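J.: Have a look at the structure that comes next, please.
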Amino acid sequence: MLDKYMTYSCAYWKSANTLDQAQEAKLQLICDKIYLKSGMTLLDVGCGWGSLMKYAAQNYGTKCVGITLSQDQVNLGSKLCEGQLIQFNLKDYRRISGKYDRIVSVGMIEYVGSKNYNIFFKIMNNCMKDDGLFLLHTMAHSIPKLQMLIRGQINIFSPVENFPQFNALLKPLKVNLLLKISITSELIIQQHQRRGLRISTEIGR
């Protein structure tokens, strides 16, 4: 089941009663966290059907560019966002170029893999303007995969093994992004929003 924006990631249910409300609240939360303003350029890495771009263009007056590996998402997303300042590109994140005011990646880094974190964040940094901001939305865990296997918390086929480990993310973040970062985890958003703000401050120390 998807909401009216066809958002393909978890929702924010703090004050919502319906899926549409919860997803719109999440989209607004992301835009507010990166201080999005009219006239800014926004790059959505792993844009899906364009839900965040459509919300940002309609409500904040931003010019949006999204990348995806799915031709179906490019085709349908372009139709859904017709008439907006939104461009879909069929492109791998390693081929991104240009400079943007804001960059977001929502629920995509789970598929990047820890071996590629360094190049991923390096590219994000290179594509940000000097006063730009980057927001990473992900589900992550703090316990090494081997320990989770030993404890029986997951098995070798568990989807959670795709979730990034916090420690594996922090080093490439520190090396490549310093203070150009806002981290938020929607796994337990009430607890992790504050943690994300603290991490983003400590990375630059």
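J.: Checking Lys37 against (1) buried (at least 19 other Cβ atoms within 10 Å of the Cβ); (2) part of a loop (DSSP other than H, G, I, E, B); (3) at pLDDT 95 or above: exactly one of these is not met. Which one?
T.: Going through the list (1) buried (at least 19 other Cβ atoms within 10 Å of the Cβ); (2) part of a loop (DSSP other than H, G, I, E, B); (3) at pLDDT 95 or above, Lys37 breaks only (1).
J.: So which of Ala11, Ala16, Ala25 ends up being in a helix (DSSP H, G or I) and either within 24 Å of Asp130 (Cα to Cα) or out of contact with any Gly (no Cβ under 9 Å at 6 or more places or on another chain) (or both)? Before the answer, list the steps.
T.: Values: Ala11 fails: in a helix (DSSP H, G or I); Ala16 fails: in a helix (DSSP H, G or I).
Checking each option against the conditions leaves just Ala25.
J.: Separate question: From the list Cys64, Cys47, which one is assigned to a strand (DSSP E or B) and under 16 Å from the mean Cα position of the chain (by Cα)? Full working, then the answer.
T.: Working: Cys47 fails: assigned to a strand (DSSP E or B).
From the options Cys64, Cys47, the qualifying one is Cys64.
J.: Considering every residue within the range 85-101, establish whether at least one is of a type in the set (A, V, I, L, M) and assigned to a helix (DSSP H, G or I).
T.: No, there is no match, as no residue in the range 85-101 is of a type in the set (A, V, I, L, M) and assigned to a helix (DSSP H, G or I).
J.: Of everything in the range 100-129 that's free of Cβ contacts under 8 Å to residues at least 40 places away in the same chain and farther than 20 Å from Ile30 by Cα, which residue is farthest from the chain's Cα centre (by Cα)?
T.: Step one: list which residues in the range 100-129 are free of Cβ contacts under 8 Å to residues at least 40 places away in the same chain, which gives 112-113, 115-116, 119, 123, 126, 129.
Adding the requirement that they be farther than 20 Å from Ile30 by Cα leaves 112-113, 115-116, 119, 123, 126.
Details: Val112: 12, Gly113: 15, Lys115: 18, Asn116: 16, Ile119: 16, Ile123: 14, Asn126: 17 Å.
Checked the range 100-129; the qualifying residue farthest from the chain's Cα centre (by Cα) is Lys115.
J.: So, one more: Can you confirm whether Leu42 is in contact with a strand residue (DSSP E or B) (Cβ under 6 Å, 6 or more places away or on another chain), in contact (Cβ under 8 Å) with a residue 12 or more places away in the chain, more than 18 Å from Met124 (Cβ to Cβ) and surrounded by 15 or more Cβ atoms within 10 Å (Cβ to Cβ)?
T.: In short, no.
J.: Search the range 1-26 for residues being touching a strand residue (DSSP E or B) at 6+ places or on another chain (Cβ under 9 Å) and crowded, with 23+ Cβ neighbours inside 10 Å, and hand back the single one that is modelled with the lowest pLDDT.
T.: Among those residues, the one meeting the criterion is Thr7.
J.: Another question about this same structure. When you scan the range 56-70, do you find a residue that is among the β-branched types (Val, Ile, Thr) and surrounded by fewer than 15 Cβ atoms within 10 Å (Cβ to Cβ), even just one? Walk me through how you get there before you give the answer.
T.: Here is the first cut: in the range 56-70, the ones among the β-branched types (Val, Ile, Thr) are 62, 65, 67-68.
Pick out the ones that are also surrounded by fewer than 15 Cβ atoms within 10 Å (Cβ to Cβ) and you get none.
No.
J.: Do we find that Gln73 is of a type in the set (S, T, N, Q), closer than 22 Å to Lys26 by Cα, assigned to a loop (DSSP other than H, G, I, E, B) and in contact with a strand residue (DSSP E or B) (Cβ under 9 Å, 6 or more places away or on another chain) in this structure? Please lay out each step first, then the result.
T.: Details: of a type in the set (S, T, N, Q): yes; closer than 22 Å to Lys26 by Cα: yes; assigned to a loop (DSSP other than H, G, I, E, B): no; in contact with a strand residue (DSSP E or B) (Cβ under 9 Å, 6 or more places away or on another chain): yes.
In short, no.
The values are calculated or read from the model by the stated rules, or taken from the named source; none is laboratory data. This one's a predicted model, so the numbers in the text were calculated from it and none came from an experiment. Reconstructed Cβ throughout: ideal geometry from the backbone, glycine too, with neighbour counts over all protein chains shown.
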